[in-house]
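Structure first, then comments.
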Amino acid sequence: MSDTDLDHLGPIDYLVVEFPPGHANFTGEMAVALADLVEKGIVRVLDLLIIQKDADGSVEALEIDDLDAVDEIVHLEAEIAEILAADDVEHLAAAMEPGTVAGVIVWENLWAAPFGAAARKAGGQVVASGRIPIQAIIASLEADAD
């Protein structure tokens with residue numbers, strides 16, 4: 001990427017979705033939702049992989065080209081930068097329970113790129129970022145309702 005491209009990058013996020021043993025139900029719904037976000041120009045997928053952690057703790061990471069990819073995301077393969085390294089996979093797998101499968105996605109928030117570029121041009125820099133898990137929001141709303 002050129003310096004100009006880097007100046008216009010949006011915030012980069014990652015998400016790890018873990019499925020308990022025996023409950024990984026990859027029906028294609030997630031692929032359809034992801035493809036829709038990409039087609040609408042909301043996000044750009046930078047990496048996508050599946051991590052399997054066996055009951056004995058051994059780990060296998062599968063990139064999109066290692067999978068029987070769902071039609072909706074096959075076209076993403078050429079665009080994926082594959083930025084996650086082996087160390088990243090180790091750190092992510094350490095947070096997983098044995099016997100689970102997790103989907104990992106890294107994406108650029110294209111919708112926020114103009115704001116990020118403007119902030120950088122004004123001399124600003126991101127010093128903190130975070131995400132509130134939806135389970136925490138639901139618990140908070142349920143506690144308020146009581």
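Every read-out reported here was derived from the displayed coordinates using simple, explicitly stated rules and does not represent laboratory data. Only a predicted model underlies this, so the values are computations on that prediction, with no experimental measurement involved. Heads up, the Cβs are rebuilt from the backbone with ideal geometry, glycines too, and the neighbour counts pull from every protein chain shown.
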Check: For region 3-145, which semi-axes, largest first and in whole Å, follow from the square roots of 5 times the eigenvalues of its Cα gyration tensor?
Finding: 27, 21, 16
Notebook entry, point to check: Gain in length, VAL126 to SER58, computed as 0.36 nm per residue apart minus the alpha-carbon separation, to one decimal in nm?
Noted result: 20.9 nm
Check: Could you put ILE50, ILE42 in order, starting from the residue whose Cβ has the fewest other Cβ atoms within 10 Å?
Finding: ILE42, ILE50
Next item on the list: Could you work out how far apart the two model spin labels at ALA24 and ALA113 are, taking each label as a point 7 Å from the Cα in the direction of the beta carbon, and quote it in nm?
Entry: 3.2 nm
Check: Can you sort ASP13, ASP36 so the residue with the fewest Cβ neighbours within 10 Å comes first?
Finding: ASP36, ASP13
